[in-house]
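Enquirer: Mind looking over this structure? Questions follow.
The values are calculated or read from the model by the stated rules, or taken from the named source; none is laboratory data. On a predicted model such as this, the values are computed, not experimentally measured, just so you know. Cβ coordinates were reconstructed from backbone atoms using ideal geometry, including for glycine residues, and neighbour counts include every protein chain displayed. Ligands, DNA and RNA are stripped out before the accessible areas are found, and what is left, the full protein with its side chains, is counted by its heavy atoms. Shrake-Rupley method; radii C 1.70, N 1.55, O 1.52, S 1.80 Å.
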Amino acid sequence: MKIVRYFSLITLIITFPMTCLCQKGFPVSSFGSTDLDFGIDIIIGHNENIIVCGQTSSYPSWISSGMLASLNGSGILQKQVMMTDSFDRIIYHKAQKTDTGYIFLGMKQNISPPHEPHLSVLFTDKDLNKESEFLIPLDLFASLVSTVANFDSQGNALFHGIGYPLTTNNMLPFVVKIDPLGNILHESIGPFTGFISGFNLVLIEDFHSRGYYLAEQQFFGGRYILLLDTSLNILLDTIRLPGGIYMMSKLEKHNTDRLFILSSGTNHGMYYLTCIDTLGVLQYQRELGKTGKYNSLTTRSMDVAPSGIYVATNYVDDLFDGYFPDSTNSISVKKLDTAFNTIWSNEIGWDAHFLSRAILATPDGGCIVLASVYDSDTMYLRHDVVLFKLDNHGQLVGVTNLTPKPDDLVLFPNPGTTHFEIGGEDQIDRIEVYDASGRLVRNITLRGNPPIVDMYDAPAGLYVIRATSTTGKTFHPMKWVKGM
């Protein structure tokens, strides 16, 4: 058993401005820095707060900080923390609530050799103040390419991913199991039977505490699932999913005898939901998606809850649009029953580029989608972290602007039903309102009147607002939602 090394950690607490104006319920919330921000995991925490973890990277250096954030039940940012220390790259993949606070699982290493890859188990209080940290060195690897993390029912941390071993230049998958005291219990390094080399691994706890399911997320290798015992030895290596599946991205348990799998299809616009039993026997499978579109391979997410199965996935018009910031795309959100029949479906998107990261079912029968978004007037590779809340009918409950610039305006109430007002330091002279199709529906010259726009007879939906000041200054376009 390895002894854990302890390192000091400097915590920088930074609160960023955020426009979060809601009339009722949960608005769309955005927060972040001027850099590349990614939220990776989302949970419901203490006092019904929403907890997000991920990373913030500086472009083009790619030096990154671990990002933790807490929002209240109305979606208003309460606190955002950037975790920094002597490591160049810090990222947190998984969050879990405890009786007294939270645990976050992450990875740390340096960009330049020696990379010194470490796994991090970070403990905070309910206000995200750091209490302690276990840093576990991965002495078998020169560097890590990617990591993913989970918890099992015993409180053990499960890290898995791809790294470069010290003895070879070939990438190999690994699984490491760490107890709640930070000690490595077991570790296993591939290659695993049936796996090519791996790029990312999906690992979940087995239903009967026998071990863990390990699925490879790799081009042309995504049909293989291993069952590992509690010591990470292979128990079963014969689980193969049907043809047509391109790459698996998510596995979720359902009750005590089923495993749901989300994966992309060889037809670019389609994806699969698959159900197998605990021995890997196929029960049923369904193909979903859109023909004539392209599905972004790494931006699919799923959450299985008693109220249904929630899936978020990205679509673009062109295969390469998913990788360039001047493109626009949308996030498709679906709620399905356990037989994979669609209960409701919604499309989230406007003139911006979206990357869905995670989806979380909420007690009201709706869900929260965690995403990154940037639009055409932001710097290359600048992302904001965004939360979209959909209700039990799949309707977007609210909207707010992206992280506002200092000279941006604000809209309120947002969402609204009869009108909206524009606030800011500049005097507004002209307001243009466009519907979701780009049609101009209001063109108002104020001539000194208050900046209030009557929308009583306008249909419910999303609108884009453009404003001009009395000095001719134009502002960042704003989004406003009219409710039912």
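Enquirer: Can you tell me how the range 118-180 classifies by the Cα gyration tensor, rounded, prolate or oblate, using a/c under 1.5 as the rounded cut?
Expert: Working: a/c = 2.75, a/b = 1.99, b/c = 1.38.
Verdict is prolate for the range 118-180.
Enquirer: Here's another thing I want to ask about it. So if we plug the beta-carbon distance of R466 and S86 into 1/(1 + (r/R0)^6) with R0 = 56 Å, what FRET efficiency do we get, rounded to 0.05? Present the calculation step by step, with values, prior to reporting the outcome.
Expert: Numbers: r = 46 Å, r/R0 = 0.83.
Result of the calculation: an efficiency of 0.75.
Enquirer: Heavy-atom accessible area of H268 with all protein chains present, probe 1.4 Å, nearest 10 Å²?
Expert: Accessible area of H268: about 90 Å².
Enquirer: Once you put a point 7 Å from the Cα of D277 and another 7 Å from the Cα of S74, both along the Cβ direction, what distance in nm separates them?
Expert: Distance between the two pseudo-spin positions: 5.1 nm.
Enquirer: Any idea of the accessible area per residue across the range 39-135, 1.4 Å probe, to the nearest Å²? Don't skip to the answer; put the middle values down first.
Expert: On the way: 3440 Å² over 97 residues.
Accessible surface, normalised per residue, equals 35 Å².
Enquirer: If you take the beta carbon distance between T418 and N392 as r and set R0 to 30 Å, what does 1/(1 + (r/R0)^6) give as a FRET efficiency, to the nearest 0.05? Could the numbers behind the result be given before it?
Expert: Details: r = 24 Å, r/R0 = 0.81.
Step by step, r from the Cβ atoms, then E = 0.75.
Enquirer: Can you give the accessible area of Y434 in Å² (nearest 10), computed on protein heavy atoms with a 1.4 Å probe?
Expert: 50 Å²
Enquirer: Another question about this same structure. Apply 1/(1 + (r/R0)^6) to the Cβ-Cβ distance of T474 and R258, taking R0 = 51 Å, and write down the FRET efficiency to the nearest 0.05. Spell out each step's value before the answer.
Expert: Working: r = 54 Å, r/R0 = 1.06.
So the FRET efficiency works out to roughly 0.40.
Enquirer: A follow-up question, please. For the residue pair I44 and S112, what label-to-label distance in nm results when each label sits 7 Å from Cα along the Cα-to-beta-carbon direction?
Expert: Spacing of the two 7 Å Cα→Cβ label points: 4.8 nm.
Enquirer: Which length gain, in nm to one decimal place, applies between Q154 and N169 when the Cα-Cα distance is subtracted from 0.36 nm times their residue separation?
Expert: Working: separation 15, 0.36 × 15 = 5.40 nm, distance 3.51 nm.
Contour length minus the Cα-Cα distance gives 1.9 nm.
Enquirer: Right, something else. Can you pull the one-decimal nm distance between simple spin-label points at L236 and E432, each 7 Å off the Cα toward Cβ?
Expert: Taking the simple label geometry, L236 and E432 are separated by 6.1 nm.
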